[in-house]
1. How far is helix 236-246 tilted, in degrees, relative to the longest principal axis of the Cα atoms in the chain, given as a value from 0 to 90 rounded to the nearest 10?
2. Can you list residues from other chains, or at least 5 along the same chain, whose modelled amide H is less than 5 Å from the amide H of Leu101?
3. Once amide H atoms are placed 1.01 Å from N in the peptide plane, what residues at a sequence separation of 5 or more from Lys260, or on another chain, have their amide H within under 5 Å of its amide H?
4. If each of Ser232 and Leu164 carries a label point 7 Å out from its Cα toward its Cβ, how far apart are those two points in nm?
5. Among all the lysines, which ones have a C-alpha under 28 Å from Lys118's C-alpha, if same-chain residues fewer than 8 places away are not counted?
6. Go ahead and run the numbers for FRET between Leu272 and Lys391, Cβ-Cβ distance against an R0 of 51 Å, rounding to 0.05.
7. If R0 is 22 Å, what FRET efficiency do you get for Leu310 and Ser407 from their C-beta distance, rounded to 0.05?
8. Rounded to the nearest 5, what is the percent of antiparallel bridges among the DSSP beta bridges in the chain?
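Derivation of every value follows stated rules applied to the coordinates shown; laboratory data play no part. Here the structure is a predicted model, which means the values were calculated and not measured. Cβ coordinates were reconstructed from backbone atoms using ideal geometry, including for glycine residues, and neighbour counts include every protein chain displayed.
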Amino acid sequence: MNRIDFLKKLGLTGTLLSITKPSSTFGSSTGQTEASTQVTTPTQLSSIKKAIVLGGGLSGLYSAYLLKQSGYQVTIVERGDRLGGRIFTFQDKLLGLTQDLGGEWIGEGQSDIKTLVKQLGLNLKASPIGNQFRLQNSNDASLIQISKASLETLEKVIDLHKSLSESQKQGLDKINFASYARYQGIAEEEVKSLSETYRTLMGGDLSQISSESILNDLASQESSLRPQYYISGGAEKIISGLIELLGKETEISLADQVTKVSQIKNSVQVELASGRTLKANLLICTIPPQNLLDIKWLPTLPKDIVYSSLRMQTGRISKNLVICKKDERTSPFFQLTHTPAQSLYLSGEEAIGETTYAITSLTTGDRSVLFEKGSETQRKALLKLSLQETKSLETVEVFDNRYQFHSFSKNTGRSGFVSLFPPGSMGIKEPFFTSYERVFFAGEHLAKHTGTMDAAIESAIQAVNRI
């Protein structure tokens with residue numbers, strides 16, 4: 001059964017279009033999302049079936065919603081103190097500023113997330129900086145500095161990749177993309193330009209990523225390499241909308257960690273650090289693969305799942321804000337720098353108020369550790385220094401010493417929000433596609449193209465479809 005047929009089976013392709021637009025509640029400058037009023041949902045099955053969802057991010061919430069539509073009574077367990085996972089929206093209503101510090105961009109070909117956005121009554125806006133990430137001949141609008149000849153070479157390689165056999169793809173998978181691009185005749189400076197640009201989207205260098213993985217993404221309209229839209233009011237509106245659709249009958253457990261999962265006959269039992277015990281007919285696990293190994297599983301996790309969990313990697317990404325005073329030159333931009341902040345950008349009109357605007361720093365790799373682990377004073381100094389050392393921003397005036405720092409590691413246990421697949425990782429997702437007795441797996445890391453909100457939704461559909 002494909003995704004469209006599955007959604008039709010649940011009645012999601014038509015019924016949700018008539019749902020009233022949900023309201024959102026944001027803590028000022030905190031990104032905290034809370035459940036709101038209950039909405040009317042289709043009549044559930046007469047016999048109550050119970051399900052547990054581990055992880056309160058987008059994949060977990062959407063999995064819970066699909067389960068509820070299928071007649072399950074759902075309990076969501078989230079280790080952090082907020083829902084949303086790698087989605088986090090900063091909002092200051094007094095200054096009139098909204099900016100995402102987690103999942104932010106949506107591509108034209110990302111149909112699952114676009115459908116959900118429409119069903120929730122939310123609006124997509126074209127990103128004024130999206131074109132700068134496009135793989136095209138170098139011009140003023142592109143961050144990728146690449147010659148026409150090199151672009152033609154890459155286009156031929158991408159087209160050829162579509163017709164490769166599995167054994168040929170396995171060969172490509174053993175080579176990192178930076179080395180493969182050089183082998184194809186792409187100049188060193190052009191490879192660096194590609195790598196620096198895509199680092200901002202993936203959190204990892206092209207020398208760390210399999211050629212097969214990158215070529216697969218470059219050939220697809222669904223990948224994270226094609227940012228084009230953002231959600232008006234912030235991506236956290238998706239989280240608020242899903243919470244409202246789940247209603248008060250869905251139990252949500254925050255700030256509690258799973259310690260043990262046991263499967264006995266046709267049931268699943270989950271033990272929490274707080275001492276609580278939950279029982280259900282099945283469980284959908286959406287937590288990061290590395291975190292699976294912190295849980296005691298009975299029976300023991302299959303070796304191939306353990307092996308895959310150990311090998312999966314996540315790009316390090318830190319996104320932070322500095323509030324600046326607005327002047328006549330204020331307009332959207334994206335700039336790669338050699339400063340500690342690495343990338344600095346003004347995303348669009350919603351990050352611009354009457355007197356102020358919000359510049360986002362997007363830092364990856366080892367530099368992101370400085371923002372994750374540094375003190376408040378150190379982080380402010382790093383952002384100030386980054387502005388001063390960027391020629392076009394050196395005269396920018398920080399408003400009232402205002403900064404907003406966000407930690408992915410603190411909230412999700414991961415250092416970023418894009419799963420990376422190093423050379424030799426082809427097939428690493430496959431063990432998760434088979435149920436582990438009454439446990440099913442979902443999450444951005446298991447989608448065909450990772451690193452997007454669309455991937456989280458796709459994985460949830462796949463997991464529920466396997467039940």
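1. So the helix axis and the longest Cα principal axis differ by about 10 degrees.
2. Phe88, Thr89, Phe90
3. Amide H neighbours of Lys260: Glu271, Lys296.
4. Between Ser232 and Leu164, the simple spin-label model gives 4.2 nm.
5. Within reach: Lys8, Lys9, Lys21, Lys68, Lys93, Lys237, Lys248, Lys319, Lys448.
6. 0.45
7. Numbers: r = 24 Å, r/R0 = 1.09.
Taking R0 as 22 Å, the efficiency between Leu310 and Ser407 is 0.35.
8. Working: 45 of 65 bridges.
Of all bridge pairs located within the chain, approximately 70 percent are antiparallel.
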